[in-house]
Each structure stands twice: as structure tokens, then as C-alpha cells.
Amino acid sequence: MNNVTNEANAAATADAAEHYANENDSSGANVPTAATGNATKRPASENALGRTNATAADTPAAGIARAFAGGKAFIPFLTCGDPDLATSEELIVAMAEAGAGLIELGVPFSDPTAEGPVIQEANLRALANGVTTDDVFALIERVRTRTDVPLAIMTYANVVYGYGIERFCERMAQSNVGALILPDVPFEEKAEFAEPCRAAGVSLVSMVAPTSAGRVQMIAREAEGFVYCVSSLGVTGMRSSLGNNATDLVKQVHEANPAVPCAIGFGISMPEQARDMAAFADGAIVGSAIVRIIAEHGRNSIEPVRTFVQDMVNAVKEA
């Protein structure tokens with residue numbers, strides 16, 4: 001991959017972006033490649049794993065559209081495996097019961113460049129617990145026996161590379177996860193992820209940020225699922241005030257692609273902020289504030305998180 005461009009690392013600092021690019025360049029030798037041998041042709045309707053590509057109406061991505069169909073969506077985030085997988089399962093179900101329109105699930109990674117200290121520490125706790133990508137998919141499969149709430153995975157390119165891009169997308173589809181968010185993948189380099197996602201019936205979510213000036217409409221025109229609008233520069237984390245650029249970003253997205261919803265994230269931590277953002281966007285995303293509650297209460301965080309999500313859902317509906 002080339003060095004990360006502004007909008008690809010919309011949430012990360014310049015130093016973090018450079019660190020990621022260098023790490024990715026140096027680790028290219030470890031990226032899984034296809035087995036050599038005689039190639040066999042397959043029908044265009046089949047993906048690389050020989051499975052028939054689904055139609056739009058019956059894909060996991062259809063669940064993302066459902067998340068926004070009923071009006072403004074509140075979208076909470078958690079890191080899977082923090083404090084443990086069993087608690088993560090109960091938290092996901094509780095958030096769904098509290099009215100979350102869509103839930104973002106973080107797959108633990110050792111170098112989450114777009115994240116602030118709260119979510120970084122959650123990643124480290126989950127990794128210290130030995131949580132793997134397979135563990136996360138097993139968790140999602142258990143969740144799917146209890147709720148059909150729309151789900152998205154947020155992680156980083158190296159996680160998907162290491163697992164195998166097509167295999168990762170197929171596992172998402174099998175678990176009925178409708179969207180993949182990769183904050184460190186530039187718009188220009190999304191094809192190697194977008195095509196396997198599309199073949200599996202999963203949306204690769206595009207991100208726009210204040211640094212995307214002049215490129216927002218181009219990104220929005222090709223967007224799938226929803227557009228993740230970064231409210232302000234920097235990494236994830238709670239802020240007392242949010243950037244002033246979000247209104248214009250959302251307006252540009254809606255003008256370029258009226259069919260795609262636009263949800264705002266990064267920095268939202270209070271119901272008043274969620275209501276203000278949802279007044280002009282289609283949804284509000286909250287991560288650090290929830291992860292902080294989980295860090296404070298551990299295995300006893302289910303009810304505090306449920307209450308927090310209920311308050312946020314009510315605030316978004318008031319917008």
C-alpha cells in the first residue's frame with residue numbers, strides 16, 4: 001500500500017499515519033497470497049471461494065439500510081473481548097434491546113492508529129485476554145442467535161490482510177455482518193477490499209473528514225452502506241465541543257449521493273451532542289464514552305451501558 005492520504009487516516013494524527021504506512025510497507029512480505037498452480041475459470045456469479053454472489057435484497061448489507069430506514073440511527077461501538085467475550089456478548093444484546101440502530105464491533109488490533117487512549121487501552125486488554133479474529137466471529141455467531149440488530153466491523157487493514165481478505169468478508173457474510181470500516185485504507189486503495197466485500201454482500205464504508213476538502217463528493221458518489229463522517233481532526237475520544245465542519249461535510253455527502261445515509265462520529269459523548277449532530281445527519285456514532293464505561297465497570301458494565309445507550313437513542317430521536 002502507498003502512504004496513507006488525508007481522508008484515509010481522517011481520524012489519526014500525521015505521525016500515526018506515517019507509522020502505519022511504514023509498518024504496512026515493511027510487512028508486505030507477510031501478506032497472504034493466492035496459492036500457485038493451474039487456474040480454473042469460474043462463473044462471474046461466483047466469488048473466489050466458489051460461492052454464488054448474493055443479490056442486493058438478500059445480502060447482509062441490506063441490514064445497514066434497515067438501520068436507517070426508521071429514522072435517525074444511534075450507533076454504539078465496543079471493542080470485542082473487553083473485558084471478556086462473554087461480557088461483550090451481553091453488552092451487544094443490551095445495546096440492541098436499548099434501541100441501537102446499528103452496532104459497530106471493534107476487532108482487537110495492536111496498533112489502532114485512529115483511536116485515542118480509551119479505545120487503544122481496550123484493544124490491549126482484549127489482546128491480553130488472547131482474543132483472536134476467529135473468537136470475534138464466534139462471538140458474533142452467538143449474538144446472532146439472540147438478536148438481528150444490524151452489525152458492522154471496524155478494524156484495520158493488517159487484521160484483514162492477515163486473516164485473508166476474501167475469507168474475512170465471507171465470515172462477515174456468514175455471520176450476517178453488513179459493513180466493514182477500515183479507517184486506515186485510502187479511497188484510492190479501497191478496491192482490493194471493496195470488491196471482495198461486494199462479492200460477499202457486505203458494504204465497505206467510506207469515511208470523510210475535514211481533511212477531505214474537495215474530495216467529499218467523489219467519495220460519497222461511490223459510497224456503500226453509509227458514509228462515516230468524522231466530526232473533527234485527531235483520534236477518537238470524548239470532546240466537550242465538536243468541530244464546525246460536520247454540517248458542511250454532511251451537506252456535501254447528501255448532495256453527491258442522496259441515497260446514502262451519513263452518520264457522524266469521533267468525539268460525541270453526551271446526549272446533547274448526539275441530538276445536535278443528528279439534527280442534520282442521519283445518525284450519531286459513539287465509541288469512547290461507551291468503552292470508558294466498560295473500563296470503569298468491567299463485567300458489571302451491562303446495565304450502565306444499557307442506560308447510556310437508551311439516553312443516546314432518545315436524544316437522537318428528538319433531533
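Given the structure, is Asn123 open to solvent by 20 Å² or more (accessible area, probe 1.4 Å) and not hydrophobic (A, V, I, L, M, F, W, C)? The answer is no for Asn123. Against the list (1) small (Gly, Ala, Ser); (2) modelled with pLDDT under 95; (3) surrounded by 17 or more Cβ atoms within 10 Å (Cβ to Cβ), the condition Gly71 fails is (3).
The set of residues in segment 283-300 that are under 22 Å from the mean Cα position of the chain (by Cα) and either surrounded by fewer than 24 Cβ atoms within 10 Å (Cβ to Cβ) or part of a helix (DSSP H, G or I) (or both) comprises Ser288, Ala289, Ile290, Val291, Arg292, Ile293, Ile294, Ala295.
Determine whether Ala173 is within 16 Å of the chain's Cα centre (by Cα), more than 17 Å from Tyr228 (Cβ to Cβ) and surrounded by fewer than 23 Cβ atoms within 10 Å (Cβ to Cβ). So Ala173 fits the description; yes.
Residues that are closer than 17 Å to Ala126 by Cα, in a helix (DSSP H, G or I), open to solvent by 20 Å² or more (accessible area, probe 1.4 Å) and not aliphatic (A, V, I, L, M) are absent from segment 303-312. Taken over segment 100-118, the criterion of being in contact (Cβ under 8 Å) with a residue 24 or more places away in the chain and surrounded by fewer than 19 Cβ atoms within 10 Å (Cβ to Cβ) is satisfied by Asp111, Pro117.
The values are calculated or read from the model by the stated rules, or taken from the named source; none is laboratory data. Every value quoted in this text rests on a predicted model; they were computed, and no experiment measured them. Neighbour counts are summed over all protein chains in view; Cβ atoms, including those assigned to glycine, are modelled from backbone coordinates with ideal geometry. The accessibility values were calculated without ligands, DNA or RNA, using every heavy atom of the protein model including side chains. Shrake-Rupley method; radii C 1.70, N 1.55, O 1.52, S 1.80 Å.
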